Amino acid sequence: MQSEESSGGGAAYRAFAQVLKWRRWLLWLAALGLLVGWSLTWALDAPQRPVLAEREDIQAAAVRVSGTACGQFSEGSGFVVEPGLVLTNAHVVAGVEQIEVTMPDGGAEAGILVGFDPGRDVAAISVSDSGIAPVALAPIVAGAADVGDAVTVDRADGLEFVPFKVNRRIWASGVDIYGEEADNRRVLEIRSRLAAGDSGAALVNIDGEVWGMVFAVARGQRDQGYALDLVEIAEFLTGIDRTPLPTPPCRTR
């Protein structure tokens with residue numbers, strides 16, 4: 001026969017065990033709540049990745065541009081915008097005597113500079129017309145809250161689709177890639193997780209059309225970048241006649 005003291009001790013133990021059980025459940029529920037809350041915050045606050053209708057075409061038109069300028073290796077992304085014509089940033093090819101364009105299939109070829117605008121920070125490179133379908137320019141400009149993908153090409157990671165969201169479309173003033181005063185240009189301020197090597201990446205909408213081209217990442221704010229507006233790109237393209245240009249000066253680093 002159990003003593004009264006023993007019986008009371010067993011009841012106390014069972015009560016304590018029950019408290020521990022409920023405490024574990026509460027901790028699990030709290031952790032689950034934090035996880036759900038974090039997921040909702042990320043989903044609502046982060047740039048949304050759209051489903052690109054023409055992702056395969058864009059993937060086929062994305063290239064990597066590289067070369068050596070005054071002893072410094074330079075590289076960036078680019079994209080085929082017309083048959084046999086690649087766009088990238090002017091600062092990517094400034095001072096580069098032998099431009100190398102790595103095509104989507106991994107093959108590389110020499111590119112010829114045929115357009116260079118240090119104020120807009122855009123350059124055009126002629127390549128062999130290998131049947132790559134160009135990316136079309138969008139019929140309308142992007143505006144605040146519009147979303148899409150930046151199509152980047154990295155040596156290590158290859159092609160990536162990086163989501164972006166437009167903060168605003170602005171007139172930007174300042175200097176060109178050489179530090180000289182430049183005319184105002186139409187620019188998209190975007191929120192996206194871009195890196196320095198993503199210069200020249202095309203910004204595309206959900207229909208796979210170009211809204212702009214990345215040219216800078218904000219200092220100290222890796223989630224904010226800037227892209228040349230499609231109107232500036234279109235105006236630049238009107239002056240391209242495919243005539244080879246001399247090597248432009250290197251940038252002052």
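Here the Karplus curve 6.51 cos²θ - 1.76 cosθ + 1.60, taken at θ = phi - 60°, turns the phi angles of segment 105-117 into couplings of 7, x, x, 10, 9, 6, x, 10, 5, 10, x, 8, 10 Hz, with x standing for Gly and Pro. Considering only Val231, Trp171, Pro244, and ranking their Cα positions along the charge dipole of segment 148-253 that arises from unit charges at the beta-carbon of Lys, Arg, Asp and Glu, the one farthest toward the positive end is Trp171. 3J(HN,Hα) couplings calculated from phi for segment 231-245 with the Karplus curve 6.51 cos²θ - 1.76 cosθ + 1.60 (θ = phi - 60°) are, in sequence order, 5, 5, 5, 4, 5, 4, 5, 5, x, 8, 10, 6, 7, x, 10 Hz; Gly and Pro show x.
In this Cβ point-charge picture (+1 for Lys and Arg, -1 for Asp and Glu), segment 78-180 has a dipole of about 440 debye about its Cα centre.
Normalised by the residues of segment 55-237, what does the relative contact order come to in percent, with Cα pairs under 8 Å and at least six apart?
On the way: 497 pairs, mean separation 37.6, N = 183.
Here the relative contact order equals 21 percent.
Between Asp154 and Leu159, Glu160, the built amide H atoms are under 5 Å apart, and every one of these is 5 or more places off in sequence or on another chain.
Backbone amide hydrogens, once placed in the peptide plane, bring Asn89 within less than 5 Å of Ala123, Gly200, excluding anything fewer than 5 places away on its chain. With θ taken as phi - 60° and the Karplus curve 6.51 cos²θ - 1.76 cosθ + 1.60 applied, the whole-hertz 3J(HN,Hα) list for segment 205-216 is 8, 5, 9, x, 9, 6, 9, x, 9, 4, 10, 7 Hz, x standing for glycine and proline. Contact order, relative form, for segment 162-253: 24 percent (alpha carbon pairs under 8 Å, 6 or more residues apart, mean separation divided by residue count).
Does segment 146-253 classify as rounded, prolate or oblate by the C-alpha gyration tensor (a ≥ b ≥ c root eigenvalues; a/c under 1.5 gives rounded; else a/b over b/c gives prolate, otherwise oblate)? Before the final figure, lay out the partial values.
Working: a/c = 1.34, a/b = 1.32, b/c = 1.02.
Since a/c stays below 1.5, the shape of segment 146-253 is classed as rounded.
Distances between placed amide hydrogens fall under 5 Å for Ala142 paired with Leu230, all partners being 5 or more residues away or on another chain. Shown here: segment 55-237, whose C-alpha atoms stretch 38, 38, 30 Å along the first, second and third principal axes, sorted largest to smallest.
No value in this document is a laboratory result; all are computed from the given coordinates. None of these values were measured; they are calculated from a predicted model. Note: ideal-geometry Cβ built from the backbone for every residue, glycine included; neighbour counts use all protein chains shown.
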